[in-house]
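Encoded as structure tokens, the structure appears first; notes follow it.
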Amino acid sequence: MRRRTLSTIILTGTIALGVAAVGVVGAPGVGGAAKTAKVAKPLYISMGDSYSVGYQNPSLGNTKGFTGYVASKEHYQLENFGCGGATTASLFAQLGCPPASSAATFGVPYPGITQVQAVLNFIAAPANAGKVQLITVSISGNDITSCANAANPVACVLGVMPTVQANVTSLVTQLDAALTANGDTTAHIVGITYPDVILGDYVFPVNSTNQSLAVLSKTAFDSFLNPTLDTAYTGVTRGAFVNVTTAPYGVATAGADTGSFDPTTFVYTGPTTHLKGFGKTVPAPVAEVCTLTWFCSIQGDIHANSKGYNFIGGLIVAKLATL
């Protein structure tokens, strides 16, 4: 009885081990599990204002905007800290993103601390060491928005530039130091500017246009804001700047052909194109702004539409390819 029991046990165990062995070898997916396991994506941090969170008019709600486009094309994991209404000063002073503001869809909450500190903490987290590949920053638009209503808009923008330059330079310097300290040696910091939506005043609102303001806005962007941002973002080796205002798009040049606007008469003599809904030909850069943003559809809405956000995202992807 004992021998038979022992033999039975040995035989049963042998069969069981054989079945188990066959199971390990033959079961689909088990042997190759380690090979097919997902590899963590590089991290992509977005920070800044409503452009950084993909703000759309309230009837559409927020989208991931240009950040979603970049994350998809580059295969990054997006971590968005942006907050609608942010200025270059509030990045360092405002605690959290207030409920009344527009936070990023699926964004990272950071109650009780500033946006800058939240991003620095994220970079410094041991779990993220060496994993951050990209930071994009959209900021400064809200610093100058009120200048559109100033008696002398250009002088107003010029007066704000020292603050913008100081704050953005401080931001980029801190981000650069944090990335270096955490071993993110190949990461890039890419700052962007904006479409010159005020060009839309050249045709909109109908029968109540402000062509002089449209032309002056070009001076504000090309002579003051964009050079200031360019200097601040490229002040560190890993920094780069994407000039959304003058980027080529379709038949237009995003308002780059400022010489076609007569600064005295405000008459435009450059390339024109047809703008749907206006029933006439308009300056090509004006049509472009009206096509990429809500400005000529919803009075006062300075934000990009989905086409515009994808356009900005494409510019960032193109810039990354050169870095």
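The values are calculated or read from the model by the stated rules, or taken from the named source; none is laboratory data. Owing to the predicted nature of the structure, the values given are computational and were not obtained by experimental measurement. Because the Cβ atoms are built from the backbone with ideal geometry, glycine has one as well, and the counts that use them run over all protein chains shown.
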Residues within the range 60-84 that are modelled with pLDDT of 95 or more, small (Gly, Ala, Ser) and surrounded by fewer than 18 Cβ atoms within 10 Å (Cβ to Cβ), tallied: 1
Every residue from the range 62-100 that is in contact (Cβ under 8 Å) with a residue 40 or more places away in the chain and in a loop (DSSP other than H, G, I, E, B): Asn62, Thr63, Lys64, Tyr76, Phe81, Gly82, Gly85, Ala86, Thr87, Thr88, Ala89
Sort out which residues of the range 253-267 are closer than 16 Å to Asn210 by Cα and either modelled with pLDDT of 70 or more or not in a loop (DSSP other than H, G, I, E, B) (or both), and write them in order of number. Phe261, Val267
Quick check, is Lys319 part of a helix (DSSP H, G or I), touching a residue at least 60 places away in the same chain (Cβ under 8 Å) and charged (D, E, K, R)? yes
Do the conditions hold for Gly54, that is, is it in contact (Cβ under 8 Å) with a residue 40 or more places away in the chain, out of contact with any His (no Cβ under 7 Å at 6 or more places or on another chain) and either part of a loop (DSSP other than H, G, I, E, B) or of a type in the set (Gly, Ala, Ser) (or both)? yes
Given the options Gly235, Gly270, Gly279, Gly313, name the one that is at pLDDT 75 or above and either surrounded by fewer than 21 Cβ atoms within 10 Å (Cβ to Cβ) or touching a His at 6+ places or on another chain (Cβ under 8 Å) (or both). Gly235
Is it the case that the range 158-171 has a residue that's under 30 Å from Lys280 (Cα atoms) and of a type outside the set (A, V, I, L, M, F, W, C)? no
Quick count over the range 204-222, residues being assigned to a loop (DSSP other than H, G, I, E, B) and surrounded by 17 or more Cβ atoms within 10 Å (Cβ to Cβ), is 2
Taking Leu323 as meeting all but one of (1) buried (at least 16 other Cβ atoms within 10 Å of the Cβ); (2) closer than 30 Å to Ala181 by Cβ; (3) modelled with pLDDT under 95, write down the number of the exception. (1)
